[in-house]
1. Heavy atoms only, probe 1.4 Å: what % of the accessible area of segment 29-88 goes to carbon and sulfur, would you let me know?
2. Given the Cα-Cα distance of S54 and K84 and 0.36 nm per residue of separation, how much length would full extension add, in nm?
3. Could you give the size of the charge dipole of segment 29-88 about its Cα centre, using +1 on the Cβ of each K and R and -1 on the Cβ of each D and E, expressed in debye and rounded to the nearest 20?
4. V83: accessible area at probe 1.4 Å, nearest 10 Å²?
5. Cα to Cα, under 27 Å, and not fewer than 8 places away if on the same chain: which lysines meet these conditions relative to K107?
6. Can you sort K75, K105 by 1.4 Å-probe accessible area, starting with the largest?
7. Specify which residue in the list V83, L64, A36 is farthest towards the positive end of the charge dipole of segment 29-88, using unit charges on the beta carbon of Lys, Arg (+1) and Asp, Glu (-1), about the Cα centre.
8. At a threshold of 8 angstrom on Cα-Cα distance, excluding pairs fewer than six apart, so keeping six or more, what relative contact order does segment 29-88 reach in percent?
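The values are calculated or read from the model by the stated rules, or taken from the named source; none is laboratory data. Keep in mind the model is a prediction, meaning the values are calculated, not measured. Quick reminder, even Gly has a Cβ in these numbers, built from the backbone with ideal geometry, and neighbours come from all protein chains shown. Accessible surface is based on the protein model in full, side chains and every heavy atom, while ligands, DNA and RNA are left aside. Shrake-Rupley method; radii C 1.70, N 1.55, O 1.52, S 1.80 Å.
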Amino acid sequence: MEKGVDLQQTPTEEHPPQLQELPFSLPPYPRMIMEAIGTSNGCNKTAIVKHIESTQITLPPSHLTLLNYHLNRMKQSGQIVIVKNNYTKPDPNAPPKRGRGRPPKPKPEGENKGTTGRPRGRPP
């Protein structure tokens with residue numbers, strides 16, 4: 001009989017568990033992202049990926065998807081900001097971000113159009 005590895009057996013020193021059997025515990029992505037950003041004055045997504053891959057021994061198969069999810073969530077919550085494709089920590093002394101374009105005209109509250117009964121738009 002051939003000597004083979006029985007996957008039903010418990011792993012021993014002679015037969016380590018297969019890669020698919022290892023349960024992945026998710027690393028703390030927000031903390032790792034802040035560490036990667038803190039090492040320099042902001043960095044892009046590639047630098048963040050390289051930093052995480054150099055510090056973590058094992059990463060889940062969906063590593064890039066999880067990274068994108070956490071980056072977007074941190075960006076929406078205001079923990080990080082993105083400026084010219086670089087993720088940085090927000091500056092507390094920076095002025096608030098202004099909107100783009102011309103602001104809309106304020107609508108007067110007293111006037112209420114549409115009560116004349118006439119149809120609006122082009123006549124038939």
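1. Answer for segment 29-88 is 52 percent, counting heavy atoms of protein chains only.
2. Between S54 and K84, full extension yields an extra 8.3 nm.
3. Rounded to the nearest 20 debye, it is 160 debye.
4. 80
5. Excluding near neighbours in sequence, the set is K97.
6. Result, largest first: K105, K75.
7. Projecting each Cα onto the dipole axis, the largest value belongs to V83.
8. The normalised contact order for segment 29-88 reaches 46 percent.
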